[in-house]
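The values are calculated or read from the model by the stated rules, or taken from the named source; none is laboratory data. Here the structure is a predicted model, which means the values were calculated and not measured. Here the Cβ positions follow ideal geometry from the backbone for every residue, glycine too, while neighbour counts run over all protein chains shown.
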Amino acid sequence: MATAVPAERDAVAGAFAGPHHEVRLPGVTLHRLSPAAAPAAGPVLDLLAAGVGPALAAASVATALTAGALAGAPYDLVVSTGIGGGFAPDAPVGSLVVADEITAADLGAETPDGFLPVTDLGFGTVTHRPPAALVRESAAATGARTGTVLTVSTVTGTAGRTAALRARHPGALAEAMEGFGVAEAAAAHGVPVLELRAVSNAVGPRDRAAWRIGEALAALTEGFGKLAPVLESWNPHEP
């Protein structure tokens with residue numbers, strides 16, 4: 001399964017040849033990119049426009065994963081993909097980032113001494129780690145950089161917040177709004193997760209004139225085309 005929002009969904013679908021059809025589930029619609037009548041011809045890839053934000057993404061992905069499990073066809077992998085902000089100069093506009101850690105950047109509590117992640121409060125988790133071998137193979141195939149991709153509920157728009165995120169997460173290359181929600185749903189089903197992002201803008205003071213969404217979507221389409229053979233040949237039992 002791959003998840004994205006509508007424009008990104010089209011970029012991902014463009015990397016896969018062949019017919020597709022819709023599978024309607026409560027609250028979500030899957031776009032099945034492999035002929036249902038001939039599953040032996042190759043792996044079935046379901047594409048889901050999961051929505052914006054970690055909560056809706058988690059709910060949408062959980063619906064699809066549950067439906068697959070109940071139908072006796074559980075998923076082997078969930079890929080969260082789309083565009084996002086990159087931390088300059090490490091992830092410039094137009095580049096690709098594969099997450100070796102998917103981290104919720106703002107799940108926790110503000111205190112007089114600063115931000116505390118939810119794990120410091122004694123419960124929950126803030127990080128999911130995709131399979132290391134899959135991360136390496138995906139980065140090698142696409143030319144992507146590897147590092148932490150942060151999940152935020154509010155897009156960063158100031159220099160101060162950018163500096164605070166970099167201080168708390170020095171390995172961060174990008175931020176987006178869905179990865180951690182997708183990873184939480186996948187983890188609940190025991191399914192591994194991968195996150196791939198194309199950088200459309202620099203994380204920092206909000207400047208819509210500097211966004212390059214078209215460039216990022218083109219990079220995503222090209223990157224997913226190179227990623228497709230990796231996903232099709234990946235062994236889910238690899239660590």
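Here are some notes:
- Test: residue in segment 2-15 that is touching an Asp or Glu at 6+ places or on another chain (Cβ under 8 Å), modelled with pLDDT under 85 and not in a loop (DSSP other than H, G, I, E, B): yes
- Annotation note: Cβ proximity below 6 Å between a residue of segment 171-198 that is closer than 25 Å to Val93 by Cβ and a residue that is at pLDDT 95 or above and of a type in the set (D, E, K, R) (sequence gap 6+ or interchain) occurs for Leu173/Asp90; Leu173/Arg145; Ala174/Arg197; Ala176/Arg197; Gly179/Glu195.
- Residue list for segment 173-217, filter: part of a helix (DSSP H, G or I) and either out of contact with any strand residue (DSSP E or B) (no Cβ under 8 Å at 6 or more places or on another chain) or surrounded by 24 or more Cβ atoms within 10 Å (Cβ to Cβ) (or both): Gly179, Phe180, Gly181, Val182, Ala183, Ala185, Ala186, Ala188, Arg208, Ala209, Gly214, Ala216
- Residue that is surrounded by the fewest Cβ atoms within 10 Å (Cβ to Cβ), among those in segment 119-157 that are free of Cβ contacts under 8 Å to residues at least 60 places away in the same chain, within 15 Å of Ala176 (Cα to Cα) and among the small types (Gly, Ala, Ser): Gly157
- Candidates are the residues of segment 104-152 that are at pLDDT below 95 and among the charged types (D, E, K, R); the one that is farthest from Gly53 (Cα to Cα) is Asp113.
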